[in-house]
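Throughout, read-outs are computed from the coordinates displayed, never taken from laboratory work. These figures come from a predicted structure and were not determined experimentally. Methodologically, a virtual Cβ is constructed for each residue, glycine included, from the backbone with ideal geometry; neighbour enumeration extends over all protein chains shown.
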């Protein structure tokens, strides 16, 4: 599939997702290229239908883009609930467990997700796999990150600091680093998540476990809606 075809699929799935948005909603706004197209479609609905929507962005980039289109946003701590969060995913396995964080925003994405009544992921069909094997991001505190890297390496988890495009380590919106784990396959994501949760210095990992409710998968012949849980 070429890049033009992928863009069209992302546009289609973004438009399909905003059909689930209702007037008066507090809506979590995910991050990533697919979500950009969803925000475009949301902006059109707000303008055309006069919807009253408050967006809760999961990254500074999403916040800036949504506000540039006239969408009202609030910080997650300034709302008392979130009706629905629409986000993308880097990969989803057969049990609907996911990896997110390719855009280095998974900490804020997970905070918004766990405070949402429902979570929807929108992806193209290439993101659906039997077993997870996408590089697993860890957001880590800079202090002691070298020691943590060496520990992860001794555990056989194939760590690698993510680099910025300008040289040096990439820094997240929260001022942390990202270590990606290059695992050939994640056969037991829940157990791995529990292990990573217990390790000092890891702020948050990119495994999104038992979180998603609805997945919209865009195929060449149209969208498929899956009710995961």
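Highest mean packing first, where packing is the average number of other Cβ atoms within 10 Å per residue, the peptides 80-87, 179-186, 132-139 line up as 132-139, 80-87, 179-186. Multiplying the residue separation of residue 33 and residue 117 by 0.36 nm and subtracting their alpha-carbon distance yields 27.9 nm. Using C-alpha pairs under 8 Å with a sequence gap of at least 6, the mean separation divided by the residue count of the range 136-202 gives a relative contact order of 42 percent. Short-range pairs are left out: with C-alpha atoms under 8 Å and at least six residues apart, the relative contact order of the range 1-158 is 23 percent. Entry note, the range 84-229: relative contact order of 31 percent, from Cα contacts under 8 Å with a spacing of 6+ residues. Remark: the residue 183-residue 158 segment gains 8.3 nm on full extension, using 0.36 nm per residue and subtracting the alpha carbon distance. Our estimate of slack between residue 74 and residue 130, defined as 0.36 nm per intervening residue step minus the Cα-Cα distance, is 16.5 nm.
When a/c is below 1.5 the answer is rounded, else prolate if a/b is larger than b/c, else oblate, so apply that to the range 136-202 with a ≥ b ≥ c taken from the square roots of the Cα gyration tensor eigenvalues. Cα axes put the range 136-202 in the prolate bin. In this simple spin-label model, placing a label point 7 Å from the Cα along the Cα-to-Cβ direction at both residue 166 and residue 203 gives a separation of 1.8 nm. Inter-part distance, the range 154-172 to the range 74-111, computed on C-alpha centroids, equals 21 Å.
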